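Enquirer: Structure below; questions to follow.
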Amino acid sequence: MKRMDMQEQSSYDYMLTAEYASLVALEFNRNPVINDEAAFDIYPPPTAADRDSLPPRPPVVTIMGHVDHGKTTLLDTLRSSSVAKGEAGGITQHIGAFSVPVPNPGGEKRTITFLDTPGHAAFSAMRARGASVTDIVVLVVAADDGIMPQTKEVLELVKKDSNKVGLVVAINKVDKPGVDVSKIETALLAEGVQLETFGGDVPVVHVSGLTGQGLPTLVETISLVAEMQDLRAEQKGPIHGYVLESRVDKGLGPTATVLILRGQLTPGMGLISGLAHGKVRLLKSPAGESLKAVGPGTAALVSGWKELPKAGDEVLTGTDGEIKKALANRARKADLEATIQDAEAINESRRAERELVQSEAAGAPAAPTRATGTEKKELRLIVKGDVSGTVEAVCGAVVGIGNHIAGVKVVAQGVGEVSESDVMRAKAVEGMIVAFSVNIPRPVKAMAASQGVKILESNIIYALMDEVKKNVIDLLPTTT
Ligand code: GDP
């Protein structure tokens, strides 16, 4: 063939579809990257060029700390004090976030938004997706217990984000007799926390979540830190937000708590989040009141979804046409990613097979009893939780457990109580069920027992992680 012919041919013969190109790349052991820039999607609203002219927005705060140091108690006390007495019977619903007013006599109305999804794990899960929604972390340290492993983990997390995330230390349980607050402060200093007490810039507040002592000071301190961060955002226009939690409500259908970072959410707005979409029907506050609009730095329960969105996913708005087009593109991309994953898995098992054949040919000693071949051992889990935020958090926390010999694979996840089909599924994949803060009906428990399916049950994430770790360790080959 003449050179000219070849060139002519190449101009049209080698146009590959993204799908085909990805599979070819995989055949040659290259990792394909799907560059979605060119494809149409909905983009967040452009940031105003003149940021300083934007109105201020409330800070978004996450309370973190070691287990049992009092995070839940503190949040409960803050939440119940946020609802004026008599308003909706003074009862607040857990929707994943709530706002607390900051006393500001004579000044404009100010609030602080607290996230109450299980602190640490939810924060990590969102961060893993590149969504950094927290402006300020309140690190709770119990005065009677001091610095513990998870206290250090929180400090590490904050350090990574230190130019964006503000830190406030709350020394809790100061109502307990005989506690020595200064000992805790010195220990924090030794960890490198530059407390204000010692001339640094990290404020420290002494509180009791139980009695409410020090909470007004905590609120005020958070507000001051936020003021220094000078948080601003568009109060009007298209929204950019994140799903904190989602669940199917008997009356309202699929609902999601959406934290708005920019723009204003109003009833009737078209929404897209991951592969879910809808039109805002009702906006509700944690106190159950209907809202006409939700602005940046606040969260509300949103109904009107056609599908249940996932916690941690971005929420954007657009016209019906834009949303339809973006959904089609996202579905195509998801299909492509699934195809690539399957192909990668096939490649991986082929490689493992080859290695096994080679090592056997080389007369390698037989593999130890419980690890046959070079295949990585998997603890297969079906994760069930009470709300999607916790399910995401649990999955995020357990997948990191293990090493190159044995690890965790979440084969399915869902919201709601453990069902018989979960047991069947676990049995089919020779896995286990994780039940986080959900009920296991008696017949399902009986079925699991008769099928030999183990159920790991807990409502404490760290205890659950320990259980999972133990089961992963059990998969490791015995060394004799
Ligand atoms: P979390 O695991 O960090 O969410 O901790 P919890 O809020 O569940 O609290 C753990 C235990 O400490 C519970 O028994 C609480 O009643 C108790 N507790 C929490 N805050 C205080 C406090 O300020 N003072 C006292 N004395 N006990 C507290």
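We did not get these values from a lab; they are worked out from the coordinates using the rules stated. Since this is a predicted model, take the numbers as computed values, not measurements. Note that each Cβ is placed from the backbone with ideal geometry, even for glycine, and that neighbours are counted across all protein chains shown.
Enquirer: If you rank Tyr43, Tyr462 by fewest surrounding Cβ atoms within 10 Å, what's the result?
Expert: By the 10 Å Cβ count, ascending, the order reads Tyr43, Tyr462.
Enquirer: Let me ask something additional. List the pairs from Lys279/Lys325; Lys284/Lys333; Lys250/Lys279; Lys164/Lys310 whose alpha-carbon separation is above 21 Å, in the order I gave them.
Expert: Lys284/Lys333; Lys164/Lys310
Enquirer: Ranking Ile147, Ile136 by Cβ neighbours within 10 Å, fewest first, what do you get?
Expert: In increasing order of surrounding Cβ atoms, one gets Ile147, Ile136.
Enquirer: Using the number of other C-beta atoms within 10 angstrom as an exposure proxy, rank Asp249, Asp68 with the fewest first.
Expert: The most exposed by this proxy come first: Asp249, Asp68.
Enquirer: Multiply the residue separation of Ala331 and Thr211 by 0.36 nm, subtract the distance between their alpha-carbon atoms, and state the gained length in nm to one decimal.
Expert: 38.1 nm
Enquirer: Here's another thing I want to ask about it. Using the scaling law 2.2 N^0.38 Å as the reference, what is the normalised Cα Rg of the stretch 401-480?
Expert: Ratio of Rg to 2.2 N^0.38 Å for the stretch 401-480: 1.14.
Enquirer: Another question, if that's okay. Once R0 is set to 56 Å, what does the formula 1/(1 + (r/R0)^6) return for the Cβ-Cβ distance between Leu252 and Glu353, expressed as a FRET efficiency to the nearest 0.05?
Expert: 0.65
Enquirer: Let me ask something else. Can you compute the modelled spin-label distance between Leu476 and Ser419, with each label point 7 Å from Cα toward Cβ, in nm?
Expert: If labels sit at Leu476 and Ser419, their model points lie 3.7 nm apart.
Enquirer: Determine, from the Cβ-Cβ distance of Asn163 and Tyr462 and an R0 of 30 Å, the FRET efficiency 1/(1 + (r/R0)^6), rounded to the nearest 0.05.
Expert: Approximately 0.55, to the nearest 0.05.
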